[in-house]
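What follows is a set of notes on a single structure, which appears directly below.
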Amino acid sequence: MNLKSSLIAIVILAIIVYWQWPESKEDALAYESVEACIRAGEHDADVCRKEFKKAKKLHEESAPKYQSSRQCNSDFGYNRCYQSGSIWLPFMVGYMLAPRGGPSYFYSQPLYRTARTPNSFHTATGDRIGSVSANGNTKVSKAQANRPPARTRTVSRGGFGARAAGRSSGG
């Protein structure tokens with residue numbers, strides 16, 4: 001094998017390893033409600049309420065947006081969407097707290113349940129988070145713990161999990 005062929009093989013192998021290497025996971029907490037957060041006892045009630053409010057605010061900015069109830073219901077299920085002005089959004093059915101830089105700093109974000117996987121939480125970007133213990137503990141990738149981008153366009157063909165359209169840069 002000559003030098004050029006060896007270098008090409010090394011580059012191809014490096015690319016394969018990079019794409020197959022699992023992303024490290026971070027600890028996070030996921031809850032269906034403020035009450036569930038308080039019951040879990042991981043944080044005091046004030047933290048649970050404050051982080052829920054942050055997630056709710058972010059929901060309005062980053063939730064998948066649809067032009068019709070039919071499109072939204074297709075991705076999230078019947079009666080799991082609501083109209084806000086001229087667009088349709090899925091209901092926020094939970095929130096996630098990802099620790100950032102210390103015991104009292106969190107990054108919170110809204111969570112959703114899709115029609116395809118109604119027993120799992122999904123982030124606003126469509127990523128499914130892993131199993132959640134009774135006290136809310138879960139593991140998520142670093143990308144899942146990051147702030148989802150603000151959406152300025154509606155989701156079109158392909159749906160929520162397909163990542164077809166509806167993403168905008170920013171955030």
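All of the numbers you see were taken from the coordinates with simple rules; none came from a lab. Everything numeric in this text was worked out from a predicted model, so none of it was measured. Positions of Cβ are backbone-derived with ideal geometry, glycine not excepted, and every protein chain shown enters the neighbour counts.
Please grab the % of Cα pairs in segment 53-112 that end up more than 19 Å from each other. Display every interim value, and only then the final one.
Values: 630 of 1770 pairs.
The answer is 36 percent, as a whole percent.
Taking the Cα centre as origin and putting +1 on Lys and Arg beta-carbons and -1 on Asp and Glu beta-carbons, what dipole magnitude results for segment 47-143, to the nearest 20 debye?
On the way: 15 positive and 5 negative charges, 35 e Å.
With Lys and Arg at +1 and Asp and Glu at -1, about 160 debye.
Just the number, please: Stokes-Einstein D of segment 104-144 in µm²/s, Kirkwood Rh from C-alpha pairs, 10 °C, 1.306 mPa s.
Numbers: Rh = 11.1 Å.
For the chosen part, D equals 143 µm²/s.
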* Structure fact -> Counting sequence-distant residues (5 or more places) and residues on other chains, those with an amide H built under 5 Å from that of Phe106 are Arg100
* Taking H placed 1.01 Å from N in the peptide plane, check which residues at least 5 places from Glu26 or on another chain put their amide H under 5 Å from its amide H. => Val140, Ser141, Lys142
